[in-house]
Amino acid sequence: MNNIAAMQKIILASQSPRRKQLLEWAEVPFEIIIVTTDENYPDTLPVQEVAVYIAKHKAIAVKATLNSDYKNRTILAADTIVVLNERIIGKPKDRQDAIEILEALSGNHHKVITGVVILNGEKEIAFANVTDVLFHPLTSSQIEFYVDKYKPYDKAGAYAIQEWIGVIGIQSISGDFYNVMGLPVSRVVQELEKLNGGEV
């Protein structure tokens, strides 16, 4: 029996519609509380630690706003980055930037790293999940069509795997598909069940 839906609502510290959708699919009860945070990070921070660093700041910022009625609530925060040749690819600044990002990803492997932080009282769970993605070579017309129709300006790496570009452009992935969408939801559910006493 799935008891995750019977647990107390968690707090999702994210405005991402994709993370919201994934938690709904997993039937995890939640409400959204967002605090705007600075997503900068130290230049000396290893690439694989950046997403967890940003996610932790999101979680701590939300925790600091909660009153005593919420002190036992579990907070979930996440951040997703795209890494190509050890360089972090952020959200595109404009149309031309989105096109150039997708041209760089075309025909190449890149990594999608989602950092997850779960806070519950004094307990903290933090981990990063990595998925390797390989794009087919993309034509200029494919890239421009995608950018102009889907306007991926709010997405790290200038694409969403569940949209047209992912359906026609991705040759293979190694790792968690949903991690590329923005949340390694099966791992998150496992960690929440541990906090909930291990009942499944």
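Readers should treat all values here as calculations from the given coordinates under stated rules, not as data from a laboratory. Keep in mind that what you see is a predicted model, and the values were worked out from it rather than measured. For neighbour counting, all protein chains shown are included, and Cβ atoms are generated from backbone atoms with ideal geometry for every residue, glycine included.
Taking amide H positions as placed in the peptide plane 1.01 Å from N, state which residues far from Ile10 in sequence (5 or more) or on other chains have amide H under 5 Å from it.
Close amide H contacts, sequence-distant or interchain: Phe30, Glu31.
For the stretch 62-68, what does the Karplus curve 6.51 cos²θ - 1.76 cosθ + 1.60, with θ = phi - 60°, yield as ³J(HN,Hα) per residue in whole Hz, taken in order and with x for Gly and Pro?
Whole-Hz 3J(HN,Hα) from phi for the stretch 62-68: 5, 4, 5, 8, 7, 8, 4.
Arrange the following residues from fewest to most other Cβ atoms within 10 Å of their Cβ: Trp164, Trp25.
Working: Trp164 14, Trp25 10.
So the ranking, lowest neighbour count to highest, is Trp25, Trp164.
Pop out the Kirkwood hydrodynamic radius of the stretch 99-152 from its pairwise C-alpha distances, inverse of mean 1/r, in Å to one decimal.
On the way: mean 1/r = 0.0736 Å⁻¹.
That comes to 13.6 Å for the stretch 99-152.
Quick one: which residues, 5+ away or cross-chain, put their amide H under 5 Å from the amide H of Gly90? H built at 1.01 Å from N.
Amide H to amide H, under 5 Å and 5 or more residues apart or across chains, Gly90 pairs with Gly157.
Return a whole-number percent for the relative contact order of the chain, with Cα pairs under 8 Å and 6 or more residues apart as the contact set.
23
Return the sequence-ordered ³J(HN,Hα) values of the stretch 23-33 in whole Hz as given by the Karplus equation 6.51 cos²θ - 1.76 cosθ + 1.60 applied to θ = phi - 60°, using x for Gly and Pro.
Here the 3J(HN,Hα) series is 5, 5, 4, 7, 6, 8, x, 7, 10, 9, 10 Hz.
Out of every Cα-Cα pair in the chain, what percent are more than 21 Å apart? Walk me through the numbers on the way to the answer.
Details: 10478 of 19900 pairs.
Cα-Cα pairs in the chain separated by more than 21 Å: 53 percent.
Arranged by the count of other C-beta atoms within 10 angstrom, fewest first, what order do Ser141, Ser14 take?
Working: Ser141 8, Ser14 25.
Placing the least packed residue first, the sequence is Ser141, Ser14.
At 0.36 nm per residue, minus the direct Cα-Cα distance, what do Trp25 and Asp43 gain on full extension? Give it in nm, one decimal, please.
Numbers: separation 18, 0.36 × 18 = 6.48 nm, distance 3.63 nm.
So the extension gain works out to 2.9 nm.
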